[in-house]
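Chemist: Input: one structure, supplied below.
The values are calculated or read from the model by the stated rules, or taken from the named source; none is laboratory data. Not measured: the values here are computed from a predicted model. Ideal geometry is used to build each Cβ from the backbone, glycine not excepted, and the neighbour counts take in all protein chains shown.
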Amino acid sequence: MRTFSVLSQFGSARTEMLEFSGLVDDIVHYTELELVPAAIDAALQTIAHLSISSEIQNSLLKAGVLWYLIPLLLQYDSTAEESDKTDAHGVGTSGQIAKNTHAVKASHALSRLSGLVDEEIPTPYIQAAVDALRALLTNKLASMLKNKLAKDLLFTLNSNLESPELHLLYMVRRPQ
């Protein structure tokens, strides 16, 4: 997966990657491997790198990538210490720090996937992805994907404090 993460940065490699049947599905499913943090890390990086192409963005969306990335956002814990970041990822670090890293990378992947990111190399804007994120997260939280600091979104989303955004999110999805 790390190889695909690096290869996905090159245009010719991206087009070749689309020709492998099932590769996009495999990349998406790698985000489920909780016991292998390095695999999740590489899959998230690959998704972010591949999102420079609208064709691949659409393939990722058809593979259901949103349903795999949103739960990663919900595993963020702002109280976890990041003092051991110098250790190899997944070796000697706590599970929560790995989850926090995955949440930040999932946020970045979602912003690139939808085209909301504001970077030097923009990604195509995909209205269907933006609409889905607005429906899943609320307009306010989805718009926070534009920020370079994913921790603002993650803190708001996973906070114990009641806020208008979270109250609306709860009220819309609460069974009657």
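Chemist: For the range 4-39, which residues satisfy the criterion of being outside any helix (DSSP H, G or I), among the hydrophobic types (A, V, I, L, M, F, W, C) and surrounded by 13 or more Cβ atoms within 10 Å (Cβ to Cβ)?
Modeler: Leu33, Val36
Chemist: If I ask for residues that are in a helix (DSSP H, G or I), of a type outside the set (Gly, Ala, Ser) and surrounded by fewer than 21 Cβ atoms within 10 Å (Cβ to Cβ), which ones from the range 40-67 would you list?
Modeler: Hits for the range 40-67 are Gln45, Glu55, Asn58, Leu61, Lys62, Leu66, Trp67.
Chemist: Let me ask something else about it. Being assigned to a loop (DSSP other than H, G, I, E, B) and either hydrophobic (A, V, I, L, M, F, W, C) or within 11 Å of Gln45 (Cα to Cα) (or both) is the filter here, so list the residues in the range 109-128 that pass it.
Modeler: Result: Leu116, Val117, Ile121, Ile126.
Chemist: OK, next. Starting from the range 26-50, keep only residues that are farther than 20 Å from Leu74 by Cβ, then list their pairs with residues that are among the hydrophobic types (A, V, I, L, M, F, W, C) and in a helix (DSSP H, G or I) whose Cβ atoms are within a distance under 6 Å, requiring at least 6 positions of separation or different chains.
Modeler: From the range 26-50, the pairs are Ile27/Ala43; Thr46/Phe4; Thr46/Ile27; Leu50/Ile56.
Chemist: A follow-up question, please. Of the residues Ala98, Ala142, Ala135, Ala106, which single one is modelled with pLDDT of 95 or more, part of a helix (DSSP H, G or I) and not β-branched (Val, Ile, Thr)?
Modeler: Selected residue: Ala106, the only one of Ala98, Ala142, Ala135, Ala106 that is modelled with pLDDT of 95 or more, part of a helix (DSSP H, G or I) and not β-branched (Val, Ile, Thr).
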